[in-house]
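Structure first, then comments.
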Amino acid sequence: MEIPYTVKARPDTGLYNAKIGVWLFLASEVMLFGGLFSAYIFLRLAPEGPWPVGVLKVHWGFINTLVLIFSSVTVLQAWLALKTRKFNQFRMWMLATLACAAGFMGIKSVEYSDKFHHYGVLMQDGSNIEGHLVDNKYNVTFENVKSVSLSTKPQESGLFGITFGTLASDAKFLKYITKGEPKFKTPAGEEIFLDSAGIKKLIKEARENVEDGKPKPLAAVQLTALEPLTFEVPEGKFFDYTATKGVFHDGTAIDGQMTHDTMHMHADKIDLRRLIPADEQDPERAIQTVLKADVWKVLGDEWKAKYHEYATGQLKHFHEHHPDQKPMHSGDFTRHTFTMSLALGEEGAKHAAAPAALLDGKSLTAAAEAKSGEGEHHAAGGHHDYPEVAIKKGDIAFYSNFTPKYGNYYAIYFTLTGLHGLHVLAGMLVMTHFLLFGKRIYDKDPEHLANRVEVGGLFWHFVDLVWIFLFPLLYLM
Amino acid sequence: MAHDHDSPEYFAKQSKTIWKIGGILGLATIFTVWIATVDLGSHELNIGVGLLVAIVKASLVALIFMHLKSEKGLVYKVLLFTVVFVIGLFFLTWLGFADPLISKVIQNY
């Protein structure tokens, strides 16, 4: 069947059909993104807590903006090349557009990866400290583990016969053993080397257990280790743990002594705004309040003194420049005064708005290096520009990497940029199609291909248009 | 007169316009980044100026790159509906601030 009006305009609308189609689609897209922008504004104006400002690296957003603008130009040049029947030029411009789109996604993935490796800790009193985990891990150590209990939860059918989650122990916990061999004694007295197949077999037997001729499934299989084992488990893998027992999400439990659950972090920023009562009017008192924060237990008195000087400097600066304004009513003031970058040395002098003299870079760098010990460990990440701190598990109320669960800012950030990124991918698919299969349409009717590229271009400009708002909103405000 | 929309001269002129607008958009981006670092007296003013530049940039993309400067009537009619609905969506969110529970807990972060 021939699709009508792909080249010539329909007499009643004055447009070829695809153009009406794409404009209807873009109209719905505007409403979709409009709703999300509206959500952003609401979250920004009524934040659940301190709103992160200036956490994205401006240079990445800036480069990506230029890349998208350039690609908008090239996709139009590709269209014009078709209009003037220069197919090779069309191919070149299309390729340039695709390269830009790929570059955009490349930069985006670098940014996303940065977020996934960046952590924030909310301490019990509301202090917030952010940074990178030392060696990218936060492990809990269990030593002298002598017994393991496998969960055999019976098969349950979930919604419409689809089961959610793990229903019984799997073999994943075995890979956290750092000392000792996974050799166990089964309840039947058999000595086995435990692996995935062995676990499945044990669970099957426990489920089919028969006692006095009646089926009596066992809820757990108790295994005794032949030699004491040491486990080092990423904190998030535990459902819960105590000083003597650790339970994984799949129900597997280990019994032993928990010997280490401290988080080690190269801390790069503190945010103490949560500590200040909403109706606090006196900036001096607010500074005194945050000087009692839990975070100083972690950072030490040297940093506390630095911060005191820094905050006092901010207050003085504000009084000098805005003599008629109340500091505690200024979002700018609270944002700058009750948060501080912990960057050391030159970086620190650049980041902190404090007078450079406040940051005695040399002594702090030396202190940090002495603390972190093996400098070569962290050389790759460059995180040794920040002090290494140890945070006790008991002081942590909540921690997460910079993903949506960390807070509304990252939730809306990933929603907006993720949806935009999907649009970039969709645009790439369409343009790749034009590039690979365009010749066929071109040979039949060049104007048909020109129209399709024009419509694809309209979508591409819309993607650019969304980014034009996203960039200043997320990166600069 | 650019009535002949199919002549090579017309397309050559179009190509030049597109490059020019691309350049302007690039310069406007540099301006956006620069003005964000300047203390205009209040953060709100900085946000306002930033958004204003974004609106100008978006208008250039829509009017020139997407040919909305000279499009057929039907497209404008479709977009009129969109504009009405988008304003409605923003208004619905705005209503949230009328909620005493929400407006009570808002802090100046």
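The values are calculated or read from the model by the stated rules, or taken from the named source; none is laboratory data. The structure displayed is predicted, hence computed values, not measured ones. In this analysis, Cβ positions are derived from the backbone assuming ideal geometry, glycine residues included, and neighbour counts consider all displayed protein chains. These accessible areas exclude ligands, DNA and RNA; they are computed on the full protein's heavy atoms, side chains included. Shrake-Rupley method; radii C 1.70, N 1.55, O 1.52, S 1.80 Å.
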- Item | Selected residue (criterion: farthest from the chain's Cα centre (by Cα)) from residues of the stretch B:71-96 that are more than 7 Å from chain A (Cβ to nearest Cβ) and modelled with pLDDT under 85 | B:Leu95
- For the stretch B:31-60, enumerate the residues that are within 8 Å of chain A (Cβ to nearest Cβ) and within 19 Å of the chain's Cα centre (by Cα). B:Thr32, B:Val33, B:Ala36, B:Asn46, B:Ile47, B:Gly50, B:Leu51, B:Val53, B:Ala54, B:Lys57, B:Ala58
- Note on the structure: Of the residues in the stretch A:281-326, those that are within 14 Å of chain B (Cβ to nearest Cβ) and more than 33 Å from the chain's Cα centre (by Cα) number 11
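For the stretch A:38-55, which positions are within 24 Å of B:Thr32 (Cα to Cα) and either open to solvent by 10 Å² or more (accessible area, probe 1.4 Å) or part of a helix (DSSP H, G or I) (or both)?
Of the stretch A:38-55, the ones within 24 Å of B:Thr32 (Cα to Cα) are A:38-45, A:51-55.
The answer is A:Ser38, A:Ala39, A:Tyr40, A:Ile41, A:Phe42, A:Leu43, A:Arg44, A:Leu45, A:Pro52, A:Val53, A:Gly54, A:Val55.
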- Query: Scanning for something within 13 Å of chain B (Cβ to nearest Cβ), without any contact (Cβ under 8 Å) to a residue 24 or more places away in the chain and out of contact with any Pro (no Cβ under 6 Å at 6 or more places or on another chain), does the stretch A:434-443 turn up at least one residue?
  - Reply: no
- Item | Hey, A:Leu133 touching a Ser or Thr at 6+ places or on another chain (Cβ under 7 Å) and of a type outside the set (Val, Ile, Thr) or not | no
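Sort out which residues of the stretch A:1-37 are aliphatic (A, V, I, L, M) and either open to solvent by less than 20 Å² (accessible area, probe 1.4 Å) or assigned to a helix (DSSP H, G or I) (or both), and write them in order of number.
Step one: list which residues in the stretch A:1-37 are aliphatic (A, V, I, L, M), which gives A:1, A:3, A:7, A:9, A:15, A:18, A:20, A:22, A:24, A:26-27, A:30-32, A:36.
Those that are aliphatic (A, V, I, L, M) and either open to solvent by less than 20 Å² (accessible area, probe 1.4 Å) or assigned to a helix (DSSP H, G or I) (or both): A:Leu15, A:Ala18, A:Ile20, A:Val22, A:Leu24, A:Leu26, A:Ala27, A:Val30, A:Met31, A:Leu32, A:Leu36.
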- Query: Residues of the stretch A:241-270 being assigned to a loop (DSSP other than H, G, I, E, B), within 19 Å of A:Ser147 (Cα to Cα) and touching a residue at least 24 places away in the same chain (Cβ under 8 Å), which ones?
  - Reply: A:His249, A:Asp250, A:Gly251, A:Thr252
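Condition check ((1) buried (at least 19 other Cβ atoms within 10 Å of the Cβ); (2) within 16 Å of A:Thr141 (Cβ to Cβ)) across all residues:
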position: A:Pro228; (1), (2): no, yes
position: A:Phe239; (1), (2): no, no
position: A:Thr242; (1), (2): no, yes
position: A:Phe248; (1), (2): yes, yes
position: A:Asp255; (1), (2): no, yes
position: A:His266; (1), (2): yes, no
position: A:Ile270; (1), (2): yes, no
- Restricting attention to the stretch A:290-311, which residues are farther than 24 Å from A:Asp332 by Cβ and among the hydrophobic types (A, V, I, L, M, F, W, C)? A:Trp296, A:Val298, A:Leu299, A:Ala305
- Task: State whether one or more residues within the stretch A:325-347 are farther than 22 Å from A:Leu122 by Cα, part of a helix (DSSP H, G or I) and modelled with pLDDT under 50.
- Result: yes
- Message: Can you pull out every residue in the stretch A:299-336 that is of a type in the set (Val, Ile, Thr) and within 21 Å of A:Leu476 (Cβ to Cβ)?
- Response: A:Thr334
- Task: Considering each residue of the stretch A:59-104, count those that are in contact (Cβ under 8 Å) with a residue 60 or more places away in the chain, within 11 Å of another protein chain (Cβ to nearest Cβ) and closer than 24 Å to A:Pro472 by Cβ, and give that number.
- Result: 10
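Which residues, counting only those in the stretch A:400-431, are hydroxyl-bearing (Ser, Thr, Tyr) and open to solvent by less than 50 Å² (accessible area, probe 1.4 Å)? Spell out the reasoning first.
In the first step, residues of the stretch A:400-431 are kept if they are hydroxyl-bearing (Ser, Thr, Tyr); the result is A:400, A:403, A:406, A:409-410, A:413, A:415, A:417.
Correct list: A:Ser400, A:Thr403, A:Tyr406, A:Tyr409, A:Tyr410, A:Tyr413, A:Thr417.
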